[in-house]
1. Looking at B:GLY29, B:GLY41 in this structure, which one is at pLDDT below 95, within 25 Å of A:CYS23 (Cβ to Cβ) and either crowded, with 19+ Cβ neighbours inside 10 Å or among the small types (Gly, Ala, Ser) (or both)?
2. Of everything in region A:1-60, what is more than 10 Å from chain B (Cβ to nearest Cβ), surrounded by 16 or more Cβ atoms within 10 Å (Cβ to Cβ), under 16 Å from A:VAL88 (Cα atoms) and hydrophobic (A, V, I, L, M, F, W, C)? Give them in sequence order.
3. Let me spell it out: the conditions are (1) crowded, with 19+ Cβ neighbours inside 10 Å; (2) part of a loop (DSSP other than H, G, I, E, B); (3) not β-branched (Val, Ile, Thr), and B:GLY9 meets all of them except one. Which number is the exception?
4. Consider A:GLN37 against the criteria (1) part of a loop (DSSP other than H, G, I, E, B); (2) at pLDDT below 95: it satisfies all of them except one. Which criterion is unmet?
5. Filter region A:82-112 down to the residues that are surrounded by fewer than 17 Cβ atoms within 10 Å (Cβ to Cβ), under 19 Å from A:THR55 (Cβ atoms) and more than 10 Å from chain B (Cβ to nearest Cβ) and list them by number.
6. For the structure I just gave you, tell me whether B:LYS56 is within 14 Å of another protein chain (Cβ to nearest Cβ), loosely packed, with under 15 Cβ neighbours inside 10 Å and over 25 Å from A:ASP38 (Cβ atoms).
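The values are calculated or read from the model by the stated rules, or taken from the named source; none is laboratory data. A quick note: this is a predicted structure, and the numbers were derived from the prediction, not measured. Heads up, the Cβs are rebuilt from the backbone with ideal geometry, glycines too, and the neighbour counts pull from every protein chain shown.
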Amino acid sequence: DAGITQSPRHKVTETGTPVTLRCHQTENHRYMYWYRQDPGHGLRLIHYSYGVKDTDKGEVSDGYSVSRSKTEDFLLTLESATSSQTSVYFCAISAQAQETQYFGPGTRLLVL
Amino acid sequence: GNSVTQMEGPVTLSEEAFLTINCTYTATGYPSLFWYVQYPGEGLQLLLKATKADDKGSNKGFEATYRKETTSFHLEKGSVQVSDSAVYFCALGPTNFGNEKLTFGTGTRLTIIP
């Protein structure tokens, strides 16, 4: 299994509070991704990174920011959490853009 | 833009039945195609992939063939088991620089009854 961990695995927070999710990899892969999974939508890309300090938006980036200061860590921040951001968040990594993506175990976030 | 249309679920089958989950795609260029599987409470795992037309991906008894002429990548298994119960996602790989992401279908929930 690819070495990907996500923390926390579960979180409950209140509307309006900032939340940061962490993805950590031990594979030294260049690309890292954040997705959210919601019923009826499959997985939707929030942001991705193609190197340290190099990030780009995905299809549902509003209300989210990311940072990657080290190869192994990719942080997702909800600047002011809303109930619509209640979801399961998955991190993924790949060595190159065209190659297989490997997924972490997910973080279940509930915004009350 | 790129898109994936996947068979609606849920699908319920008896053990040892034949499985087909349909997947068609729209893409510019020649993307790789993937099937991912998600077991309850877990993240997605790669099930199989194909990188060019006419390639057949296979794993754990599952197969899918990259059909460029019909833009399809249907997942098949000859005899399903209870342990195959999961959600299956078809995905389209990146096709060009600046579009460096997977495009997923909405997923098909499969339940196998003993």
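1. One residue alone meets the criteria, B:GLY41.
2. A:VAL19, A:LEU21, A:CYS23, A:TRP34, A:ILE46, A:VAL60
3. Against the list (1) crowded, with 19+ Cβ neighbours inside 10 Å; (2) part of a loop (DSSP other than H, G, I, E, B); (3) not β-branched (Val, Ile, Thr), B:GLY9 comes up short only on (1).
4. (1)
5. A:ALA95
6. no
Residue by residue, here is whether (1) without any contact (Cβ under 8 Å) to a residue 60 or more places away in the chain; (2) in a strand (DSSP E or B); (3) out of contact with any Phe, Trp or Tyr (no Cβ under 7 Å at 6 or more places or on another chain) holds:
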| site | (1), (2), (3) |
| --- | --- |
| A:GLY16 | no, no, yes |
| A:VAL66 | yes, yes, no |
| A:ALA97 | no, no, no |
| A:PRO105 | no, no, yes |
| A:LEU109 | no, yes, no |
